[in-house]
1. Over 13 Å apart: what share of the alpha carbon pairs of region 107-160 falls there, rounded to a whole percent?
2. Please list, in order, the residues from region 197-219 whose amide nitrogen is less than 14 Å from a point placed 7 Å along the Cα→Cβ vector of LYS282.
3. Suppose every Lys and Arg Cβ carries +1 and every Asp and Glu Cβ carries -1, with no other charges. What dipole size does region 365-420 come out with about its Cα centre, to the nearest 20 debye?
4. Would you work out the relative contact order for the chain, in percent, from Cα pairs under 8 angstrom that are 6 or more residues apart?
5. Roughly how many nanometres apart are two label points built 7 Å out from the Cα toward the Cβ at ASP60 and ILE421?
6. Largest first, please: the extent of the C-alpha atoms of region 73-114 along each principal axis, to the nearest Å.
7. With +1 assigned to the C-beta of every Lys and Arg and -1 to the C-beta of every Asp and Glu, and no other charges, what is the dipole magnitude of the chain about the Cα centre in debye, to the nearest 20?
8. Can you find, among PHE59, THR267, SER45, the residue sitting farthest towards the positive end of the charge dipole of the chain, where Lys and Arg contribute +1 and Asp and Glu -1 at Cβ?
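The values are calculated or read from the model by the stated rules, or taken from the named source; none is laboratory data. Keep in mind it's a predicted model, so treat the numbers as computed, not measured. With ideal geometry, Cβ positions are generated from the backbone for all residues, glycine too; neighbour counts draw on all protein chains shown. Just so you know, the surface numbers come from the protein's heavy atoms only, side chains and all, with ligands and any DNA or RNA stripped out. Shrake-Rupley method; radii C 1.70, N 1.55, O 1.52, S 1.80 Å.
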Amino acid sequence: MAFMEKPPAGKVLLDDTVPLTAAVEASQSLQSHTEYIIRVQRGISAENSWQIVRRYSDFDLLNNSLQITGLSLPLPPKKLIGNMDREFIAERQRGLQNYLNVIMANHVLSNCELLKKFLDPNNYSANYTEIALQQVSMFFRSEPKWEVVEPLKDIGWRIRKKYFLMKIKNQPKERLVLSWADLGPDKYLSDKDFQCLIKLLPSCVHPYIYRVTFATASESSALLIRTFNEKGTLKDLIYKAKPKDPFLKKYCNPKKTQGLELQQIKTYGRQILEVLKFLHDKGFPYGHLHAANVMLDGNTCRLLDLENSLLGLPSFYRSYFTQFRKINTLESVDVHCFGHLLYEMTYGRPPDSVPVDSFPPASSLAVVAVLESTLSCEACKNGMPTVSRLLQMPLFSDVLLTTSEKPQFKIPTKLKEALRIAKECIEKRLTEEQKQIHQHRRLTRAQSHHGSEEERKRRKILARKKSKRSAVENSEEQPVKHSNSNNSAGSGASSPLTSPSSPTPPSTAVEHAPL
């Protein structure tokens, strides 16, 4: 296979952030074990669903793999005797459903490769680390000065993005990190423009962007090399984590977390907003802000992974902002993601849910004011402020930044136009997805209301009232019909004769009267 071989025509680029839901529908007992039939669905469309069959041992294997998180997950215990009883099987089925519900409610776990392989083996059967290693090895055949030291296994959350510790052969003490990533569903650049923009990234100079040492790409993936930072990211600082540890171990259930001091929040927040404004002014879409994408260099924050938007990769927080139709541009996505980051810097953990109804006490009311403008119900409903507006808020307006490095990122006019079109396409897909989710939510609410106990009682009462009203109307009509019958009989001599073979059809005027 050639280096970074182009994917076959018609290859489906899945959005790995679209939530999977799973319902344990039934069970079937075989000679020595029980199998559980699970209906899995991607997103909101029931048409995009499939069945899988799993044994208890499969759940047990998944659970063992998730032990790296340190979480106590509610997997039903093993039972050696009586495990074929019908009541026990029904109870275990409910327990396994609860187990899946707990995992899928966890934002980090719901996006992890272990769960995806368990629920969707057809789309997640590949060994992505092996694929990445093959591609990287092919590349280094023509670039002999680089050498792979070791894979940095699972340090990131993305399934199709892998990392390797590198060195330069004539500079063995210098450590670098290589990232390799496949294309995502939002890749709208032409192959030529995509490769040109990736190769431009090393020329991007900004005091708050982490420098790219080397970058290259093909039609199907990209490979970038940066200096390895022993201190790690902003998220590593908050979670007291080691940069080389797996993502699930570091961030899923940290034993110690600590919010930052107010001055750190102000300084880091201002630096991040400055680089977001720089990228927005350049027309360069980002959309991938989170604490693990912010490298710490002393007292300076530097943004990582500018290549993600060029590759078309979905955002870490996509399942959050797809719920809110007013967050429909990459600029507003960045501001909403900044709210998540600020919350994590302030409280040492992510919010339990979004929107946030009320915020815990913070070191400053100015912090809460920014959080309310980006994560509250009102903000999510009415829209995000601009980055310029956040920079003017009291939390950041008095922060003085001292740097001698002049920002520089020259993008040719033709590529700027390509970026603009790609950005519009990304936003269009986001808007369409938000519309579908909104319509689905309305339909679900209507169906839930229609099937509720209160609504059923109301319909029964209305039906009884209608029945009584009809009975009263019928009883009032009887004397009138009897009187009309007598009158017709009395005046029969003066009435014209009608043919008995052609009776008059009944009138339909009453049937159409309500219209």
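1. Above the 13 Å cut-off, region 107-160 has 65 percent of its Cα pairs.
2. Counting only backbone N, you get 197-213.
3. Dipole about the Cα centre, nearest 20: 440 debye.
4. 13
5. So the label points at ASP60 and ILE421 sit 5.7 nm apart.
6. Result, largest extent first: 36, 15, 13 Å.
7. Details: 72 positive and 54 negative charges, 70 e Å.
Its charge dipole is roughly 340 debye.
8. Toward the positive end, the furthest listed residue is THR267.
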